[in-house]
């Protein structure tokens, strides 16, 4: 039976259509994916992301151990609340998962990993921690709500005032000072200026028994509840990859457009997969992940093959209809030596697709 987040009843009450997602019952939409998508691009929306896995790592060995575990270097995290995107690699350079790491305080870090990879992530992390002076703590008692959109600042300020009036002013003073990829802890809330939509916004971790109250305060502040459908169209427009589609253990950061998340300095940092990736770092990967636009009628979907003449040059990894562009868009992994446009096989037809940058929309504006 699929698990329920602490906001399950709130979704029912709001008319959400629930589906099974990675073993969780979550809303696919609340009546209109397009309405929810546009709310985030033009105003503000919120998502239940309580299915995400939060893991705290603390102890004297936490920093050097994370420097080995992650492709990016946590020594870049200088101030409490600093955040960092990274991949977690196996010894062959394949992507076990992508995640965000936070520095909570010296020798204490937080990882937020994907729900679908929870079991294998925890298994890998536990194995890698053998004999290391650290403690690993899954924070299953926490819920998470993402508030996203150009009006997210004002909406969250209003909601916080209703949620906890006595501490709202001090809390907002700290929150409003956050830059992108920074977080703070205020009034029992962990609030990060991060998201998965390409818009400004926050992700809030809080005690599960407070989640419904916060959701209600956000609703009363005019925030549109949004489901998995809008989350997918928003992230694809914003050029953000999805684990299991655009990357997995058979792909590396360099053929997944994530080479920027691999820190090669300092040279002595022996992160998992470093030796395996050295060739791609020096010479380039055999494949690359690109963006594609279909100008004709049709919908790009994962698994569709890409051709140049009779030669198959790649395949779509993620595809959807873009409510902002009003066309179908996609990511596709293709041969690195391929240049120019190509054709996509949709059922019995081959249709021309334009190869583009992977970011289609930024801050609500088409690129």
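Taken together, the values in this text are just the output of simple stated rules run on the coordinates, not laboratory data. A quick note: this is a predicted structure, and the numbers were derived from the prediction, not measured. No Cβ is skipped: glycine too gets one built from the backbone with ideal geometry, and neighbour counts run over all protein chains shown.
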Legend entry - Residue exposure sequence - 11, 58 - by fewest surrounding Cβ within 10 Å: 58, 11
Inset, instruction - Just grab the label-to-label distance for residue 310 and residue 362, each label 7 Å out from Cα along the Cβ direction, in nm (one decimal). - result: 4.2
Legend entry - Gain upon complete extension [residue 268, residue 350; 0.36 nm per residue less C-alpha separation]: 24.6 nm
Legend entry - Mean separation of Cα contacts under 8 Å, 6 or more apart, over the residue count of segment 1-132: relative contact order %: 19
Inset, instruction - Pull out a ≥ b ≥ c, the square roots of the eigenvalues of the alpha-carbon gyration tensor of segment 286-366, then state rounded if a/c is under 1.5, prolate if not and a/b is larger than b/c, and oblate in the remaining case. - result: oblate
Inset, instruction - Assuming R0 = 22 Å, can you tell me the calculated FRET efficiency for the pair residue 122 and residue 1, based on Cβ-Cβ distance, to the nearest 0.05? - result: 0.55
Legend entry - Nitroxide proxy distance, nm - points 7 Å out along Cα→Cβ at residue 249 and residue 325: 3.3
Inset, instruction - Quote the FRET efficiency, to the nearest 0.05, computed for residue 166 versus residue 9 with a Förster distance R0 of 25 Å and r equal to the Cβ-Cβ distance. - result: 0.40
Legend entry - the chain - Rg over Rh from alpha carbon coordinates, Kirkwood radius: 0.97
Legend entry - Global form of segment 53-129, assessed from the alpha-carbon gyration tensor, a/c cut-off 1.5: prolate
Legend entry - Estimated inter-spin distance, residue 91 and residue 34, nm [label 7 Å along Cα→Cβ]: 5.3
Inset, instruction - Beta carbons within 10 angstrom, averaged per residue: use that to sort the peptides 271-282, 59-70, 326-337, highest first. - result: 326-337, 59-70, 271-282
